[in-house]
């Protein structure tokens, strides 16, 4: 199965959200329809970057690594160096 790690960006606020899922389109739709407690106040969201992984454990490790980064600059550098697809 394929898993995705994704970064979405709020259209109206200075917010990023990092997550992982099997169905990228459905998950972004969930964020934009208010089905996520954290992202609901900051909708709408647009996809910023994503990367495919062949296992959930790989995706979860990458998600954890990104979420532990404390600055956008470091997140963006990681995304560029690790072959994320930028939108």
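So here's what we get for this one:
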| read-out | value |
| --- | --- |
| Set 35, 64: member being out of contact with any helix residue (DSSP H, G or I) (no Cβ under 8 Å at 6 or more places or on another chain) and outside any loop (DSSP other than H, G, I, E, B) | 64 |
| Residues that are in contact with a strand residue (DSSP E or B) (Cβ under 9 Å, 6 or more places away or on another chain) and either farther than 22 Å from residue 58 by Cβ or assigned to a helix (DSSP H, G or I) (or both), drawn from region 6-24 | 9, 10, 11, 15, 24 |
| Selection status of residue 61, modelled with pLDDT of 95 or more and in contact with a strand residue (DSSP E or B) (Cβ under 8 Å, 6 or more places away or on another chain) | no |
| Region 11-20 - residue that is touching a helix residue (DSSP H, G or I) at 6+ places or on another chain (Cβ under 8 Å) and farther than 17 Å from residue 79 by Cβ and, of those, surrounded by the most Cβ atoms within 10 Å (Cβ to Cβ) | 13 |
| Test for residue 69: is it in contact with a strand residue (DSSP E or B) (Cβ under 7 Å, 6 or more places away or on another chain) and surrounded by fewer than 17 Cβ atoms within 10 Å (Cβ to Cβ) | no |
| Selected residue (only one of 70, 46 is farther than 14 Å from residue 3 by Cβ and in a strand (DSSP E or B)) | 46 |
| Selection within region 21-30 - closer than 26 Å to residue 77 by Cβ and out of contact with any helix residue (DSSP H, G or I) (no Cβ under 8 Å at 6 or more places or on another chain) | 24, 27, 28 |
| Selected residue [out of contact with any helix residue (DSSP H, G or I) (no Cβ under 8 Å at 6 or more places or on another chain), in contact (Cβ under 8 Å) with a residue 40 or more places away in the chain and surrounded by 17 or more Cβ atoms within 10 Å (Cβ to Cβ)] from 4, 76, 48 | 48 |
| Residue list for region 51-61, filter: assigned to a helix (DSSP H, G or I) and loosely packed, with under 12 Cβ neighbours inside 10 Å | 57 |
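The values are calculated or read from the model by the stated rules, or taken from the named source; none is laboratory data. As the structure is a prediction and not an experimental result, all values here were calculated from the model. FYI the Cβ positions are ideal-geometry reconstructions off the backbone, even for glycines, and counts take in every protein chain you see.
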